[in-house]
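The values are calculated or read from the model by the stated rules, or taken from the named source; none is laboratory data. Quick caveat, the model's predicted, so the values are computed rather than measured. As a convention, Cβ positions derive from the backbone with ideal geometry for all residues, glycine included, and neighbour counts pool all protein chains shown.
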Ligand SMILES: [Zn+2]
């Protein structure tokens, strides 16, 4: 069972098509080697992203990092995030539109949960300094300032977000962490729901190492690519142009190790699809430490998710047709009971009301041509309601 079956993916992509056509016309570039280990050895796991953009996602065969091999140029990403296209394509794909109030409420909930998860590690560092990288309007930073009595700084490329963070009393700087030029050092650096969006993973982590005080801690959470593939669908339902990198729980610790961080504590408190890592600087390890069997296991899991997804699509299509037929029969019985349809009228029913059982021509019609009647919700859509964050792959949404 997948949260986005094949037919649903097509429907979602249909809604995104006009925006996707515009995005295709931005400037693109090709990435030929892994940002983390410089290897050129990779496996292509998807030819398109979930929106339908021709962005290949690949898995590095040497370190296990998933990354986009086709992506926008830095300038195009800047336009994508600042002109509303990012929020627009996300909203169309998920068929939801969040208000600023909802986004801020989500961020507050996230901040409170994260604060309680990290409390036992931060208690000894009160009156220290916090840097929230990609911290948007400062909701998470504000919660940490309040809860732990830290001095908070937000770093974000969006000017509007930074203005909002300043208005709430935080120090706030427009920019990216790779280019953050400061003499300040911090007791705690947060990178929440943002690692996938970084432009340069290696440079960003190197800069964060330099920004930590001795004994300082770094919190980074990930959307686990493999967990999402198992639950949402294969890579083409998960990959997104805005996620340049993806980690998984199987590879994250080695990747963090290669970037010069070791684990202090891990949490899976945010539920399915997400994992959080509290880290501290260490001597970088070599990335070849990732066992090859682990990489090949990822490839096998992806192949299996592709196969299962295709079969699931066929099976769920069959279920939909059977349910439509049953609903049609129920409606016929009700109409007969009301005296509006006699048994003799049956064979003369209009072609669009004929069912696969009564018409060969209807067999060739796509399910959408069958009568639209009240249908039970499919189990996949129920699941999506139970786990909205899984199908929507919620980032920390920026307000703007
Ligand atoms: Zn690599």
Given the residues 255, 295, which is the only one that is within 16 Å of the ligand (Cβ to nearest atom), within 20 Å of residue 189 (Cβ to Cβ) and more than 19 Å from the chain's Cα centre (by Cα)?
255
Looking only at the stretch 262-289, count every residue that is within 24 Å of the chain's Cα centre (by Cα) and touching a residue at least 24 places away in the same chain (Cβ under 8 Å) and tell me the total.
13
Which condition breaks for residue 63 when tested against (1) within 24 Å of residue 12 (Cα to Cα); (2) within 8 Å of the ligand (Cβ to nearest atom)?
(1)
Only strands (runs of 3 or more DSSP E) wholly contained in the stretch 169-235 count here; list those with 2 or more residues that are touching a residue at least 12 places away in the same chain (Cβ under 8 Å) and over 23 Å from residue 159 (Cβ atoms).
186-191, 212-223
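Give the residues of the stretch 93-108 that are surrounded by 14 or more Cβ atoms within 10 Å (Cβ to Cβ) and either at pLDDT below 95 or over 18 Å from residue 21 (Cβ atoms) (or both), sorted by residue number.
Within the stretch 93-108, the first condition is being surrounded by 14 or more Cβ atoms within 10 Å (Cβ to Cβ), and the residues that meet it are 93-94, 98, 103-104, 106-108.
Hits for the stretch 93-108 are 94, 98, 103, 104, 106, 107, 108.
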So, in the stretch 48-60, of the ones that are within 30 Å of residue 286 (Cα to Cα) and either surrounded by fewer than 23 Cβ atoms within 10 Å (Cβ to Cβ) or within 16 Å of the ligand (Cβ to nearest atom) (or both), which residue ends up farthest from the chain's Cα centre (by Cα)?
60
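Suppose we keep only residues that are within 18 Å of residue 234 (Cβ to Cβ) and surrounded by fewer than 18 Cβ atoms within 10 Å (Cβ to Cβ) within the stretch 29-47. Which one would you say is nearest to the ligand (Cβ to nearest atom)? Reasoning before the result, please.
The initial filter retains those residues of the stretch 29-47 that are within 18 Å of residue 234 (Cβ to Cβ), namely 42-47.
This time we only want the ones that are surrounded by fewer than 18 Cβ atoms within 10 Å (Cβ to Cβ), so: 43-44, 47.
Working: 43: 12, 44: 14, 47: 20 Å.
Of everything passing the filter in the stretch 29-47, 43 is nearest to the ligand (Cβ to nearest atom).
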